[in-house]
Amino acid sequence: MANYTRLIGKLNTPKLATIAVTLLIASASLAQKPWKFNLTSPEEKIDLRIDLYEESIEVPGLEDFGPMNGYLGGNIFGVWYVVGFDIKDDKHATLTIANDLGSEDQKLSLTQTSDSTYQVKFLGYNAVKRVQEKKLVKIPSELKMKVTPL
């Protein structure tokens, strides 16, 4: 213990302050992960679960493939899993999702509109559908989704 006390005693106040601020900034940046969350659209009953930092999410029905970066599910036909992404900044990202058969893919943009809401916009042709009255119909091209607990 005496060795540490002597070492700290040799550091002057500005050096200690610099070290403290550096540690605080480093821990804050590690704690913030703006692209790891669950989103839900209560009106459409659609969920989006993503972790763009690591493949940590089990996709329902695709467990044999191991963890992935996320998926879109709920009141849609099948499950669409994340096959690629591009993080623009803390508020904008683009995802590429593919259906569980791998026969179609879809690009979508995510934009944070407030602390707890995101705008999801399907880019180009909207291939994501749901069953409605025994027919496959496209879901809306834009969804307002709310953050839900992990």
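The values are calculated or read from the model by the stated rules, or taken from the named source; none is laboratory data. As the structure is a computational prediction, the values presented were derived from the model and not from experiment. Reconstructed Cβ throughout: ideal geometry from the backbone, glycine too, with neighbour counts over all protein chains shown.
Condition (residue is touching a residue at least 12 places away in the same chain (Cβ under 8 Å) and under 15 Å from the mean Cα position of the chain (by Cα)) applied to region 121-136: is it met by at least one residue? Within region 121-136 (the criterion being touching a residue at least 12 places away in the same chain (Cβ under 8 Å) and under 15 Å from the mean Cα position of the chain (by Cα)), the answer is yes, since at least one residue qualifies.
Of the numbered criteria (1) buried (at least 17 other Cβ atoms within 10 Å of the Cβ); (2) part of a strand (DSSP E or B); (3) out of contact with any Pro (no Cβ under 9 Å at 6 or more places or on another chain), the one GLY84 fails is (1). Given the conditions (1) under 16 Å from the mean Cα position of the chain (by Cα); (2) touching a residue at least 40 places away in the same chain (Cβ under 8 Å); (3) outside any strand (DSSP E or B), report the number of the one that LEU39 does not fulfil. Status for LEU39: all satisfied but (3). Using the structure shown, decide if GLY78 is without any contact (Cβ under 8 Å) to a residue 40 or more places away in the chain and outside any strand (DSSP E or B). Yes. Of the residues SER103, SER116, the single one that is without any contact (Cβ under 8 Å) to a residue 12 or more places away in the chain and more than 11 Å from the chain's Cα centre (by Cα) is SER103.
Residue count for region 95-150 under the criterion of being of a type in the set (Asp, Glu), closer than 15 Å to LEU39 by Cα and not in a strand (DSSP E or B): the result is 1. All conditions in (1) touching a strand residue (DSSP E or B) at 6+ places or on another chain (Cβ under 6 Å); (2) closer than 28 Å to VAL137 by Cβ hold for PRO42, with the sole exception of (1). Beta carbons closer than 7 Å, at least 6 apart along the sequence or on distinct chains, never pair a first residue in region 86-98 that is at positive phi with a second that is modelled with pLDDT of 95 or more and assigned to a loop (DSSP other than H, G, I, E, B).
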